[in-house]
Amino acid sequence: MTQTAPTKAKMVNHNAAASPWNELGRKLALTLDTEELTNCMRCGFCLPACPTYRETGLEAASPRGRIALMKAAHDGWMMPDPAFQQQMDFCLGCRACESACPADVRFGRLLEQSRAAIAEHAPQSQREKGLRKLFLRGLFPHRYRLRLMGATLALYRKTGLHWFVHKSGLARILPLHLRQLDRILPAASSQGVVERIGTVIPAQGKKRGRVGLFRGCIMDVVFADTNENTARLLAAAGYEVVIPPEQTCCGALHAHSGEEGEALELARHNIQTFRQADVDWIASNAGGCGAQLMETSYLLKDDAKWQADAHWFSTRIRDISQLLLAGNPLPLQSLPKRITYQHSCHLQNGMKVAGAPESLIRSIPDATYVDLFEGDRCCGSAGIYNLTHPETSMNILDEKMNHVKETAADILVTTNPGCLLQMKLGIERAGLHDRMEALHLVDLLMQSMKKGENAHERTEKAQ
Amino acid sequence: MLKSEMKAELVAVLGDAHVRDDTESRVSYSYDATPLYQSMPDGVVFPSTTQEVQSVLRIASKYNTPVIGRGSGSNLSADTVPVNGGLVMVMTRMNRILEIDKENLTATVQPGVYTQALHQAVEKEGLFYPPDPSSMKISTLGGNIAECSGGLRGLKYGTTKDYVLGLEAVLANGEILRTGGKLYKDVAGYDLTKLLIGSEGTLAIITEATLKLIPLPQSRRALVAHFDDLDAAARTVSAIIAAGIIPCTLEFMDRKTIQVVEEYARIGLPQEMDAILLIEQDGPPVLVEQDIQCIHRIAADNGAAHIAIAETEADGSRLLAARRSALSALARLRPTLILEDTTVPRSRIADMVRAINRIAAEYNLEICTFGHAGDGNLHPTFLTDARNQAEIERVEQAFADMVETALQLGGTITGEHGVGMAKAPFLEWQVGKTGIEVMKGIKRAFDPQGILNPGKIFSDRSLPRKGGT
Ligand SMILES: Cc1cc2nc3c(=O)[nH]c(=O)nc-3n(C[C@H](O)[C@H](O)[C@H](O)COP(=O)(O)OP(=O)(O)OC[C@H]3O[C@@H](n4cnc5c(N)ncnc54)[C@H](O)[C@@H]3O)c2cc1C
Ligand code: SF4
Ligand code: SF4
């Protein structure tokens, strides 16, 4: 049982001439969580769960492989290089490996630490740097600008800009799936949830507590209806809902693409906001945001001043499905449809919520719940992965849609805006749009509840 | 990195995408599931046909380069760690089930098929392939054959070696060897099929296997028994077998494992107990019922503190989940898990467990023991931290003591995980000088250049045997 030193031990001399890769190696040595790296016992149980391993069959594209690469870079017997960076980029960040791991290795954290180091040190193209800055710093954290973008998008749809894009040849340089994406993008709204229903919504029936609604950034522009429905459902389930308008973006996209500093800033801001709102729980209706918010306490682990508040914040995050299930029963009405469910990776693997969404779907009168084969596998959306790795993303999506087709469902439900868009895109690509629609869980429940309200109104009128 | 002429020849055969010698590829095939071992290969190849395997081996022979066959790299004996560099040959592209023959009850498969995939495919046909290593979700049949993997059903159904009827394999020089076939009776000369089983990639590369299938049992039923006395548990195991009952599963967890599992899974295990037996029987419902009742009686007669029979199959699965979550529970406790694999005659289980506990105390180590009580195959598992050099040294000494004890009790240094590098220093203790010489002779006959998985099974670091414990 002797330890065999790597044959090419200490290949890297970090004191050699400063190159960006060298700097990256040094940074990884400092910032990668050594405990997590050591906790991986290399059993390989995560391999079958990993979509990129399934796509390529390559160990380097598996969680175990990626951890080995990180460890090799961390321990200094491999110099990180463009291939290292590509391998970290190629990961979907779906964290299916975490759910499969017996040793509870938090792969997501290691990935974020690697990406943060890469964002800081790896040489990037000007275009990439520009885009990153524009979206992550210039847009998502700023409500006003997002809203403006929402309005512009709405305008873009209504006016001839659409025509311009096509005429000017822009459409030709956009890959096919982006053009398809353009078709399925919902009409962005210039009115967010607060503008629509205010900041406090009283509870109905027996009061179950006070819930802060995390409205998200894109969610509140592209899926403002869903946010509104979320608040209404919570109220119907007996929660007093508060929507502090000062809240900001969750920082998931920042953390996932290596903008760690920005993510920290956003986290502190959100903690403060919800602390002041004095809530029992904080509801998220997007798995991606929820999982990120739960990581807040780990994010700020080295910040003594914020530790206690961060812990308070992290432990109060609940997915909307959990709160609805625990609240007063919703007045759901008959919805005689076949309904299937695609898990959101971050809800399932990040927030560890499984079962609650399905239970809610099953509770809809007359609805038939059908299991989706491999419904717990990533759909390939993964943040902006479908933009950065269109081929892999579309391979994964098309395989998923084959399974979706087999369910013969009328409604495909999911719980995260990114996944929802991807599902809409998948339906479009598979030519299923006349047979099937994709809905957020919250919108589905609202449909079933509204039927009740309408029916209620009708009976009132009749009387 | 590969020599450029050699790489060119490999690329000519396999294509660019299936020959890799970049840093990422080499790092990611430098390890397997064995803690503490790692070493870089010069390159990695991914053949997809027997002919490609042949070509790779011919090229490797020409350049006198080691070739290490690899399935999923889930083995626990450092068997796929390329200690001498060379080529790692990954077999997972050869992953087709070629035939399920319902008339002859056989399945013919390529080596890269995942064990569980075969289970699912044959069970759809009402057939059964019993070997079920705990790693079956990822381990390949090629890896299973090369390691002679066992599993939870070993007692009643045997291990991989009992299900391999025929093999196609490529020798180091590129020649194809065919052994056995679909026949259940086949005694022509030496049993080369059996010789290749458990050969750990040192004799030939397996490219196809014909496996024996049996009918799928109609039903199964589980029972759990708690003991506050280790000997009572051991007596129960022996008494069940002596009564002529062979359960399909007969698993054991020691006190330490129970405590750890309970702390992790909170499934209501009694933490004050010394041992738990998890027993399952399968077969026609009437016989299963009869056996389970009989086992219940035997356990009670031998002093079980508590016995429960699962009402349904699902209930049974929940009971057995306790054993299955053992690994997760242990893995979360300390960073490094060294999962060992000693086997003793089943009548000596209590002696072995006691010896393990004594050794743990002596070297101040944490060792949890669980395993397949029915066949005496125990997995004493060291909970440690690879970064703690002093502790790792104590682990090594403790492990040597443990091996010594197992041999004295009439056991073996490995029940199912293979020798590889991890056990190589102890092989001579078990098979003696003559055994080693005969094995080396066989190795020379198959692979005169010594290019197939060098550094495994045979060690140049023979340890002096302590004798006595
Ligand atoms: C958590 C865990 C639990 C485990 N539980 C069990 C268990 O219950 N029972 C058990 O027996 N084992 C168990 N194992 C060990 C391991 O999974 C088995 O040894 C398995 O058979 C290895 O399969 P593999 O495909 O990963 O092979 P690898 O690890 O890749 O290779 C194993 C050996 O086979 C050789 N090999 C692989 N393919 C070929 C081929 N086509 N031709 C020739 N040689 C080849 C390799 O050179 C190597 O020597 C466990 C491992 C882990 C990590
Ligand atoms: S399952 Fe966990 S411990 Fe096993 S290889 Fe994957 S990350 Fe490592
Ligand atoms: S996060 Fe998803 S894609 Fe990335 S390694 Fe884990 S399972 Fe694979």
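The values are calculated or read from the model by the stated rules, or taken from the named source; none is laboratory data. Keep in mind that this is a model prediction, so the values were computed, not measured. Cβ atoms come from the backbone with ideal geometry, glycine included; neighbour counts cover every protein chain shown. We work out accessible area using only protein heavy atoms, side chains counted, and drop any ligands, DNA or RNA first. Shrake-Rupley method; radii C 1.70, N 1.55, O 1.52, S 1.80 Å.
For the reader, a short list of remarks on this structure follows.
- Environment charge of B:ASN357, counting only residues whose C-beta is closer than 10 Å and scoring Lys/Arg +1, Asp/Glu -1: +2
- Restricting the trypsin sites (Lys or Arg not before Pro) of segment B:1-72 to loop positions (DSSP other than H, G, I, E, B) with no more than 15 neighbouring Cβ atoms within 10 Å leaves B:LYS3.
- Greater than 20 Å apart at Cα, pairs in B:LYS102/B:LYS212; B:LYS102/B:LYS182; B:LYS182/B:LYS212; A:LYS424/A:LYS450; B:LYS124/B:LYS194: A:LYS424/A:LYS450; B:LYS124/B:LYS194
- Whether the protein assembly as shown is rounded, prolate or oblate, judged on the alpha carbon gyration tensor where a/c under 1.5 counts as rounded: prolate
- Rounded to the nearest 5, the antiparallel percentage of DSSP beta bridges internal to segment A:196-325 is 15%.
- Within segment B:284-387, the trypsin sites (Lys or Arg not before Pro) that combine a DSSP coil assignment with at most 13 other C-beta atoms in a 10 angstrom radius are B:ARG387.
- Each residue, B:ASN104 and A:ARG435, gets one label point 7 Å from its Cα in the Cβ direction; the gap between the two is 4.1 nm.
- Our note on the geometry: Cα centres of segment A:363-421 and segment B:392-460, 50 Å apart.
- Probe 1.4 Å, protein heavy atoms only - accessible area per residue of segment A:332-453 in square angstrom: 37
- Per residue accessible area in Å² of segment B:4-90, where ligands, DNA and RNA are left out and the probe is 1.4 Å: 26
- You can think of it this way: the chain between B:ALA321 and B:LYS62 has 88.2 nm of extra reach, that is 0.36 nm per residue less the Cα-Cα gap.
- Solvent-accessible heavy-atom area per residue, rounded to whole Å², over segment B:334-436 at 1.4 Å: 31
- For segment B:22-82 versus segment A:91-121, the inter-centroid distance based on Cα atoms is 26 Å.
- A:LYS207-A:ARG338 pseudo-label distance in nm [points 7 Å out on the Cα-to-Cβ vector]: 4.6
- Per-residue extension of 0.36 nm, minus the Cα-Cα distance of B:ALA361 and B:GLN218, leaves a gain of 46.9 nm for this segment.
- Scanning chain B for chymotrypsin sites (Phe, Trp or Tyr not before Pro) that sit in a DSSP loop and have at most 13 other Cβ atoms within 10 Å, the longest stretch containing none of them is B:191-469.
- Percent carbon-and-sulfur accessible area, the protein assembly as shown, ignoring ligands, DNA and RNA, probe 1.4 Å: 53
- Distance in nm between pseudo-label sites at B:SER4 and B:ASN388 (7 Å out along the Cβ direction from Cα): 5.1
- Between B and A, accessible area buried - total, square angstrom, nearest 100, 1.4 angstrom probe: 3600
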